[in-house]
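One structure is given here, and the rest of the page talks about it.
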Amino acid sequence: MNSLINPEVFTETFSFPAAAVDKCIKLASATQLKVLLFIFRFCADELSTDEIAEKLSIDISEVNDAIGFWSSMGILKGNSVVIASDTKKARIQSEKPTREEIARMGATDEKLQFLLREAQNCFARPLRQSETSLLAWLYKDEGMDVSVILMLLKFAVKEEKVSLRFIESTAISWIDDGVETIADAEAKMQEALIYDQCFKLVAAAFGITKRKPSKKEAELSVLWVKEWKFDRKILEKAYETCIDTISEFSFPYIKKILEKWHNDGVKTVDDIKEEKPKNQENNNEYADYINSIMNKEDE
């Protein structure tokens, strides 16, 4: 069995309840297992069911079904364990227009005609019916400005994320955040670029590969890199300190280390006081110190 496990993957781990495997593995569906793994992987973050659905590319009803299943099995507590950190008003979405409805609208609406024509030029191919329906819905039902929609499409092409899921989720996020003008859209795209650049630096320092950050991880990356001006060497030092202290990678643990260094006025690696333990006893003391800070904040 050991020959099947790549030891390198243990540089980044998370806890998972044995009962989920011992008692429920035969009863759970593949989707239910995916949802549970995702919840435990990002248990330190506040996730919405919408975000879980988007990350796993499944319907939100399947997420709710999975949470209900694991609650009934005693693995999760209650049916609303996953709460959005930024709760927004529920949006009642209208049905997307059919081909016939779009044809009728386009016959008299020059802006819609322009939108669909420019979208086709942006994608450098004919639009699929699902794409036409989405664009018409954003313009007519959601009231999104044509110029803003086109900016979103160009952004999706540039980021190589030309998918219905990305375009729709980003558009709804922009609408909820009050994006109405080209200037608003440019600000959102710049924000997304900053988040991406900051997390890339953090991921390189922590050895994180081939995954997107959670919302909390992205926010912390911007805090550390853009606001606190920590460079890769400091981030790598925090990673090494974490591994040396608790023998595993922990994003929340590194968060506390970097908070302490920021409060101590650390600007470069040379500013870091050498708190790396020389023996196991001191190692436990330092781990207890960081853990005490983490526990105090949780209280």
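The values are calculated or read from the model by the stated rules, or taken from the named source; none is laboratory data. Because the structure is a prediction, the values reported are computed rather than measured. Please note: Cβ atoms are built from the backbone with ideal geometry, for glycine as well, and neighbour counts cover all protein chains shown. These accessible areas exclude ligands, DNA and RNA; they are computed on the full protein's heavy atoms, side chains included. Shrake-Rupley method; radii C 1.70, N 1.55, O 1.52, S 1.80 Å.
Data for the structure
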read-out: Exposure rank, largest accessible area first [SER133, SER57; 1.4 Å]; value: SER57, SER133
read-out: Extension gain, ASP22 back to GLU54 (0.36 nm per residue minus Cα-Cα distance, nm); value: 8.7 nm
read-out: Whole-number percent relative contact order across the range 140-192, with pairs defined as alpha carbons under 8 Å at least 6 apart; value: 45 percent
read-out: Separation in nanometres of the label points that stand 7 Å from Cα toward Cβ, at LYS229 and ARG99; value: 6.0 nm
read-out: Estimated distance in nm for a label pair at ILE182 and LEU33, the labels positioned 7 Å out from Cα along Cα-to-Cβ; value: 5.1 nm
read-out: Nearest-10 value in Å² for the accessible area of LEU112, using the 1.4 Å probe; value: 0 Å²
read-out: Between the range 189-229 and the range 110-165, the alpha-carbon center distance in angstrom; value: 28 Å
read-out: Contact order relative to length of the range 84-234, as percent, for alpha carbon pairs under 8 angstrom and 6 or more apart; value: 17 percent
